[in-house]
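The values are calculated or read from the model by the stated rules, or taken from the named source; none is laboratory data. Because the structure is predicted, anything quoted here is derived from the model rather than measured. Neighbour counts run over all protein chains shown; Cβ positions are idealised from the backbone, glycine included. For accessibility, only protein heavy atoms count, side chains too; no ligands or nucleic acids. Shrake-Rupley method; radii C 1.70, N 1.55, O 1.52, S 1.80 Å.
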Amino acid sequence: MTATEVLSRRALGRGEIPGRTAAWQPIEGLSAGSGDVFWTGWADGDGVFVAGDEGVIFHFDGAVWERMEVPSTLPIHALWGQRRDGLWAVGWMGLILRFDGARWRQVQGGVTTEKGRYDATPENTPLFAIDGRSDGAAWAVGDNGRILRLEADVWTPEPSGARAHLRCVRCLADGRVVAAGADGTILMRSAQGDWEVLPTPNGSTLTAALEVEPGTLLLAGGRYFVDCNAFRGDLVLLDKDGARPLFAETRFRRFRDLAETRAGVLAVGDGGQMHLLRQGELDRIETGTTHDLQGIVSLPGGEALAVGDFGTVVMGNPAALTAIAPATRTGEAPSRGEHTKSGTDRQLWGLWTDPETGDAHA
């Protein structure tokens, strides 16, 4: 362990909360407001970047958090790069930024008319995800089936054959690329460069993808259920046999992102939800927040950083990554309310319980 790593860990998170040695801790020194939304992050051995709405990018150098100068106020949805002097950011209105190690510059997107309005051009199609390979090639995806390929620092559109809004992309070890999004859409790009629409097990909007084994992909997202008037989360496994749902009988909140850590795969989502997938089992992790978590980033030291709504940025140490929440575990039947007869057909607006007898009165 280097002195920089020790400094980073001490400066990045708060001290332990008494009685909660495995808690996720809010980040110190990051001047985010309650109205800020962070969508993504990126980390290497020298620091951490987090980005979100209003073109906000914060950088942590091992000692302090600093808000960076960015040439746009458009929301930033995703970051990717092999190293920090070749870091890319994509976002709203087709925004593409590049960081050269010293400053951010805008490459494309955000085109306006003479009247100062955003132009109705394909270049302004919102982008939501980016991923790349070790050879420097990368793909960014967004609304209306838009896919851009990066090669030799030049972005070129690729016909996807789909019109669905795409929300995630992942480069596989064998050279193929997977993109996914609304209505359960899953696209596969062959090593020859052709995109193909794959059969899907449900209509979930898939927002995250992670290669968990060579050729095997875990996808996460969510969909709206009318019967419960809420969004529910879905996990989908894609391998040589096709796509199939995982833990279909378990009721999750909507998932937003996935990350591989030393403890296993972490899935985060609405309401501060976090689950740990390891050895085929899925457990809910205690995060200490009820804010929606939009992104999760693995840190080189074994920790993880989660970002989300209301300026939420929390860090979990290795112990926190496996801190099982005191709630229903996968495979157990969720608790459900039981109907009782009230003896009236009138609307009931309140409930009171007698503290001595325990009897309830409505």
* Asked: How big is the charge dipole of region 45-103 about its Cα centre, in debye rounded to the nearest 20, if each Lys and Arg gets +1 on its Cβ and each Asp and Glu gets -1 on its Cβ?
  -> 160
* Under unit Cβ charges (Lys, Arg +1; Asp, Glu -1), what dipole magnitude, rounded to 20 debye, does region 102-172 have relative to its Cα centre? -> 220
* Structure fact -> Net charge near residue 129 (other residues with Cβ under 13 Å of its Cβ; Lys, Arg +1; Asp, Glu -1) is +1
* **Selection from 140, 101, 122, by position along the positive dipole direction of region 82-150 (Cβ)** => 101
* Structure fact -> Kirkwood calc, region 178-291, C-alpha pairs only, radius in angstrom 14.5
* Cβ-based net charge around residue 31, under 14 Å, with every Lys or Arg adding one and every Asp or Glu removing one -> -3
* To do: Just the number, please: carbon plus sulfur as a percent of the accessible area of region 19-141, 1.4 Å probe, no ligands or DNA/RNA counted.
  => 44
* **Under the Karplus curve 6.51 cos²θ - 1.76 cosθ + 1.60, θ = phi - 60°, whole-Hz ³J(HN,Hα) for region 250-266, x wherever Gly or Pro sits** => 8, 8, 9, 7, 4, 8, 10, 7, 10, 8, 8, 10, 5, 7, x, 8, 9
